[in-house]
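Reading through the structure tokens given below for one structure.
No lab work stands behind these numbers, since they all come straight from the coordinates. Everything quoted here is computed from the prediction, not taken from an experiment. Virtual Cβ from ideal backbone geometry, glycine too; neighbours counted across all protein chains shown.
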Amino acid sequence: MLVAMAIFVIFTGILINSYMGIVGSLRSAEENRILYSEARHVFDVLTEESRNSTVYGGDCEGGDFGSSDSIEFCSGDGQSNVVFKYDKMEGGLYMDGKRLHSEGVKVTHFNFYVWPNENPYSSESLSVEGRFQPKVTFVATFEKEDSRGSLMTYDLQTSVSLRIYK
Amino acid sequence: MLLRMSKTVWNNKRGFTLTEVLVGVLVLATSIVAASNLLVSMIHSNVANMSSLQAYYYTQEAMEAFRNMRDTHFMHNVNFCGQSGVNLFGKDGSFLDGCRGLGNGTSSYYAIDVNPDPSSLDSSSSGGDLSASSPWVLKPVSGKGYSDARVVFNEDKTKKIDTEFYRYCEVKQYVGKDGEEVEDVLPVVSDSNAIEVTCTTEWEEYSRDREVSLSMVLTNWRSE
């Protein structure tokens, strides 16, 4: 009888542990997938919107990249603009006021580097050192807490060479 | 036959021996552990997906760097691959050797670094060297360069973090695929005005080598 109970307890223990492990793993995998897809979405939007735009204003009265938490892109024809704004307190990245990712995913760090500082195609005063095709580099850190309370963190960085030649 | 076996099992009044039970439990435990391992490998593949995404964007960045350098060469009225004596992107200047080299069947590899704050550097350059104010640092590497090719994550303009990724690009003259003539694929350019840039990001994950590779054709469209 004792042997049978011991075997039963061992068997049940293995079963419960395995079940808990499987459930935890599935949940963790799901959360990782959420972080992956949302981080990818954010960067796809950033690169897509910036590629055929300019950061130097133009006809759409914008093109501001002076502040460290927002950047405005104007379309090549100057008819439309899009503003990306980073809210460090909330850990959110917004496009025209709309949050690009869910509440569960936080952008704990966001930065962008524009070069050159002035439009090389229209600035008469720009020295030869500043005559480079405009480009923007985006860096961001995405973070999500999983069900066990541990943080999943990923850094993403990419650059876009702007396709506007005027 | 099956009916007889079924009757034997259900009419077994003696029960099972300890050995039979232990074997049964062992088989069950093995199958559960195997299922758990499957899930662990699923988690690993999720992590691998994330690394692939990081590598993809690093590779794309290198491709954009080459496009950007070509366009900058246009602005300075030099060859789209660069020009001897005009060092816009580092000490060695341009990827001109890569463009030239492929004419005789060799190729050239380059590593790319991002300079997040070119304005902070000394731009009092001379002799055609403008690399101090360049947003990119281009370094020739021998083959698949490693120590020189480590990717740096530029958290801010001063804080650079070494990543686990290594990135290099191969530049060669575009020759078309499967015997195609370049003119058939790119009718507006001649063969000396098209290069193929293949950028690769490599890293090691769970003791396995992994890589992401992207390729594009850059043309000297201003020459036509």
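Exactly one residue out of A:Thr153, A:Thr137 is within 9 Å of chain B (Cβ to nearest Cβ) and under 15 Å from the mean Cα position of the chain (by Cα): that is A:Thr137. The residue that is surrounded by the fewest Cβ atoms within 10 Å (Cβ to Cβ), among those in the stretch A:129-166 that are touching a strand residue (DSSP E or B) at 6+ places or on another chain (Cβ under 7 Å), over 14 Å from A:Arg40 (Cα atoms) and of a type in the set (Gly, Ala, Ser), is A:Ser161.
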